[in-house]
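Only one structure is covered here, and it is reproduced in the block below.
The values are calculated or read from the model by the stated rules, or taken from the named source; none is laboratory data. All values reported here derive from a predicted model rather than from experimental measurement. Reconstructed Cβ throughout: ideal geometry from the backbone, glycine too, with neighbour counts over all protein chains shown. Accessible surface areas use protein heavy atoms only, side chains included; no ligands, DNA or RNA. Shrake-Rupley method; radii C 1.70, N 1.55, O 1.52, S 1.80 Å.
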Amino acid sequence: MPLVSTRQLLDEAAKGGYGVGAFNVNDMEQIQAIMEAAKETNSPVIIQASRGARAYAQDLYLYHLMLAAAELYPQIPLAMHLDHGNSYETCVSAIELGFTSVMMDGSLKPDGKTPATFEENVEVTKKVVDYAHPRGIAVEGEIGVLGGVEDGHGAGGSGLDHVTDPDQAVEFAERTGVDSLAIAIGTSHGAYKFTKKPDGSVLKMDLLIKIHNRLPKTHLVMHGSSSVPQDLQDIVNQYGGKLKQTWGVPVEEIQLGIKNGVRKVNVDTDSRLAITGAIRKVFAETPEKFDPRDYLKPARAAMQKVVALRMTQFGQAGHAGDYKAISIADMAKGYKDGTLSTKPEVSK
Ligand code: G3H
Ligand code: 13P
Ligand code: ZN
């Protein structure tokens with residue numbers, strides 16, 4: 001199957017009432033791990049690359065690895081998504097390269113650190129939508145700001161500093177025409193999300209439900225959705241790592257989100273932990289080894305395991321064969337003729 005639009009994957013997920021994991025990658029092994037997990041669980045999948053990933057791997061390597069994945073797994077609907085685009089130019093360069101969807105994260109200024117104003121966010125996101133839709137490319141916007149910092153991107157602080165205001169979410173969706181909307185409900189990027197198992201006081205599921213009630217047809221996106229499982233923390237620390245005790249987002253909360261309009265679930269940290277634990281184990285147990293395949297193979301397998309588990313938990317497992325790819329050219333026609341309308345349905 002050719003690379004498909006995230007919009008198609010999310011529309012199908014809404015019909016089927018499930019969520020789709022969007023997994024971050026930086027290299028070939030991570031793409032292989034995700035594709036094997038998708039094959040194992042028969043899942044449609046979104047693979048996403050951040051600005052940091054694009055700089056690390058170089059755009060062309062990433063793009064051709066993604067084309068190889070699409071060619072090698074023709075049965076898997078696969079979207080290539082830009083994660084946290086920081087400016088119009090970043091989004092345009094991703095679209096020119098061949099990404100099938102982009103996130104314009106206008107919740108922060110282009111420095112990726114300073115919270116932007118609502119008007120700045122609307123303006124830059126709308127500009128990206130106006131560029132992307134005629135080309136058949138889907139756009140994710142963000143309203144509210146997540147906590148934490150990844151690779152220099154993020155406002156820092158707690159996930160509760162800038163949670164999404166439901167009225168602003170409605171106005172943002174109406175004025176920008178985004179295909180999906182990332183909201184801030186108390187999560188943050190990275191491993192250090194919560195200092196105790198999160199309950200209703202730190203993860204605002206009530207707010208998510210409120211936003212979903214106001215925008216019942218809008219595809220919501222949950223960033224910072226790694227669960228940071230205890231067993232993966234333990235493996236890293238057992239073999240010489242020094243992670244401080246931490247808690248991520250419980251899978252049950254993500255599943256509650258999926259029942260309430262969450263269609264895209266962003267996961268990076270869990271993959272990083274799985275890879276690091278597996279590599280540390282090989283180094284600790286067999287320090288005489290020096291062939292990278294000796295530690296990259298178990299690392300890839302460990303990431304595949306956690307990704308396959310998430311695909312099953314998010315409900316996308318079993319849905320790869322439900323539909324045929326809509327070409328990007330036909331997506332462009334759909335935006336033009338209104339069949340892919342992005343005018344949100346709004347409830348009081
Ligand atoms: O949102 C952040 C993702 O985990 C990507 O992280 O910017 O370090 O590649 P990165
Ligand atoms: P985690 O750090 O929780 O994996 O979140 C990743 C993410 O939101 C990427 O956009
Ligand atoms: Zn994110």
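Screening Val265 with (1) open to solvent by less than 60 Å² (accessible area, probe 1.4 Å); (2) more than 19 Å from the chain's Cα centre (by Cα); (3) closer than 21 Å to Met303 by Cβ; (4) not aromatic (Phe, Trp, Tyr) gives one miss only, at (2). Beta carbons closer than 6 Å, at least 6 apart along the sequence or on distinct chains, pair a first residue in region 248-259 that is away from ligand 2 (no atom under 12 Å from the Cβ) with a second that is modelled with pLDDT of 95 or more and open to solvent by less than 60 Å² (accessible area, probe 1.4 Å) for Val251/Ser227; Val251/Gln313; Gly257/Leu208; Gly257/Met222; Ile258/Gly19. Evaluating Ala55 against the criteria (1) of a type in the set (A, V, I, L, M, F, W, C); (2) more than 12 Å from ligand 1 (Cβ to nearest atom); (3) surrounded by fewer than 19 Cβ atoms within 10 Å (Cβ to Cβ) leaves one unmet condition, (2). Of the residues that sit in region 236-250 and are over 25 Å from Gly186 (Cβ atoms) and part of a loop (DSSP other than H, G, I, E, B), which one is most open to solvent (accessible area, probe 1.4 Å)? Among those that are over 25 Å from Gly186 (Cβ atoms) and part of a loop (DSSP other than H, G, I, E, B), it is Lys242.
Starting from residues that are in a loop (DSSP other than H, G, I, E, B) and of a type in the set (S, T, N, Q), keep the ones in region 226-235 and report whichever is farthest from ligand 3 (Cβ to nearest atom).
Our first condition is that a residue be in a loop (DSSP other than H, G, I, E, B); within region 226-235, this holds for 226-229.
Pick out the ones that are also of a type in the set (S, T, N, Q) and you get 226-227.
Numbers: Ser226: 10, Ser227: 15 Å.
So, considering only residues that are in a loop (DSSP other than H, G, I, E, B) and of a type in the set (S, T, N, Q), the one farthest from ligand 3 (Cβ to nearest atom) is Ser227.
Per-residue answers, yes or no, for (1) more than 16 Å from ligand 3 (Cβ to nearest atom); (2) part of a loop (DSSP other than H, G, I, E, B):
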residue	(1), (2)
Lys15	yes, no
Gly21	no, no
Asn26	no, yes
Lys39	yes, no
Ala53	no, no
Tyr56	yes, no
Glu71	yes, no
Glu96	yes, no
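Selection of first residues in region 94-115 that are open to solvent by 30 Å² or more (accessible area, probe 1.4 Å) and of second residues that are part of a loop (DSSP other than H, G, I, E, B) and of a type outside the set (A, V, I, L, M, F, W, C), restricted to Cβ pairs under 8 Å at least 6 apart or on distinct chains, gives the following pairs, ordered by first then second residue: Pro110/Asn86; Pro110/Ser87; Asp111/Asn86; Lys113/Gly152; Lys113/Gly154; Lys113/Gly156; Pro115/Ser107; Pro115/Lys109. Looking only at residues in region 323-348 that are without any contact (Cβ under 8 Å) to a residue 12 or more places away in the chain and among the hydroxyl-bearing types (Ser, Thr, Tyr), the one that is nearest to Lys217 (Cα to Cα) is Ser341. Are any of the residues in region 66-76 touching a residue at least 40 places away in the same chain (Cβ under 8 Å), among the charged types (D, E, K, R) and within 21 Å of Leu9 (Cα to Cα)? Within region 66-76, none of the residues are touching a residue at least 40 places away in the same chain (Cβ under 8 Å), among the charged types (D, E, K, R) and within 21 Å of Leu9 (Cα to Cα). Within region 216-230, the set of residues being under 12 Å from Ala169 (Cβ atoms) and either of a type in the set (D, E, K, R) or in contact with a helix residue (DSSP H, G or I) (Cβ under 6 Å, 6 or more places away or on another chain) (or both) comprises Thr218 only. Tallying residues that are among the β-branched types (Val, Ile, Thr) and either at pLDDT below 95 or open to solvent by less than 50 Å² (accessible area, probe 1.4 Å) (or both) within region 299-335 yields 3. Considering (1) out of contact with any Pro (no Cβ under 9 Å at 6 or more places or on another chain); (2) at pLDDT 95 or above, the lone condition that Leu78 does not fulfil carries the number (1). The one condition from (1) charged (D, E, K, R); (2) closer than 19 Å to Lys264 by Cα; (3) at pLDDT below 95 that Glu142 does not meet is (3).
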